[in-house]
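Notes for the one structure printed next.
The values are calculated or read from the model by the stated rules, or taken from the named source; none is laboratory data. Here the structure is a predicted model, which means the values were calculated and not measured. Heads up, the Cβs are rebuilt from the backbone with ideal geometry, glycines too, and the neighbour counts pull from every protein chain shown. The area values use the complete protein model at the heavy-atom level, side chains included, leaving out ligands, DNA and RNA. Shrake-Rupley method; radii C 1.70, N 1.55, O 1.52, S 1.80 Å.
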Amino acid sequence: MIEVGTEPLDRPIRNSVGGWPFLDDGQEWPECFCGERMALFFQLDIPPDVEIFGGDHLLVFHCRAHNDASEPELANGRLVPRYWDAPQPPYPRPFWRVLLQRHAVLPAAEAEPSVCALPLTLRPLMDTPNSRGLGAQRFKVGGTPSWAQDPEYYRCACGTDLVYVCQVPEGMEFAVYPGQPEQAYSIRADTYWLFLGNEVYLLACPAHCDPAAVWPVNQN
């Protein structure tokens, strides 16, 4: 389980809401199609005992100016090639970027300017599925998704079936610094949402065909 702390950060740490993103060499801070740099909502080191993705560094970026749900586009039973950059109607490209970095050693020189920098703590969770096969409905990495609706499964453009890696609960609010622009459709002026506040299930390519080969399933 992932717990959000309350003490503001004044230095880079690898598990954080906001803060200083840890990106692989050559990986640039993502930008939205609108030209605005995406906000870092959270990042964390996936624990070694999480199958397939243990040891990877997960980062979730989302444009603060665009707040909508994700809609998958398929071709021949797979997500379209480079789905992390493909059109997301009515937008020419996605307004988010989720990265699994494998060699992220150093933090960016500057911190995320909009989302308040707070520490994340990861603690063991016995995520035992209930009678319907659903896991705990909470902020977590690994375990079993809690699927608010029917389970969704996708095949990466590379041909590999995507695997669940992380879940963000419905309605989770991310505090923002005073004076930041208000996010469209957000519940309050001082918080941002991911994907309209939907429950978010991150499904990633176990073949690691690209650092951005992650699909965010939205349900409510």
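The table below gives the values:
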{"quantity": "Correct option for volume of the Cα convex hull per residue in Å³ [calculated from the coordinates] among (i) 140; (ii) 114; (iii) 124", "calculated": "(iii)"}
{"quantity": "Sequence-distant residues sharing a close amide H with Phe42 (under 5 Å, placed H)", "calculated": "Gly18, Val60"}
{"quantity": "Neighbourhood charge, 13 Å Cβ-Cβ cut-off, centred on Gln43 and excluding it, Lys, Arg +1 and Asp, Glu -1", "calculated": "-2"}
{"quantity": "List His103, His66, ordered by accessible area with a 1.4 Å probe, largest first", "calculated": "His103, His66"}
{"quantity": "Dipole magnitude (debye, nearest 20) for the chain, charges at Cβ of Lys, Arg, Asp, Glu", "calculated": "200 debye"}
{"quantity": "Cβ-based charge dipole, the chain, positive-most Cα from Asn130, Val50, Phe61", "calculated": "Asn130"}
{"quantity": "Neighbourhood charge, 14 Å Cβ-Cβ cut-off, centred on His66 and excluding it, Lys, Arg +1 and Asp, Glu -1", "calculated": "-1"}
{"quantity": "Sequence-distant residues sharing a close amide H with Arg78 (under 5 Å, placed H)", "calculated": "none"}
{"quantity": "The range 98-182, dipole about Cα centre (Lys/Arg Cβ +1, Asp/Glu Cβ -1), debye to the nearest 20", "calculated": "380 debye"}
{"quantity": "Burial order of peptide ranges 50-60, 145-155, 5-15 (average beta-carbon count within 10 Å, highest first)", "calculated": "50-60, 145-155, 5-15"}
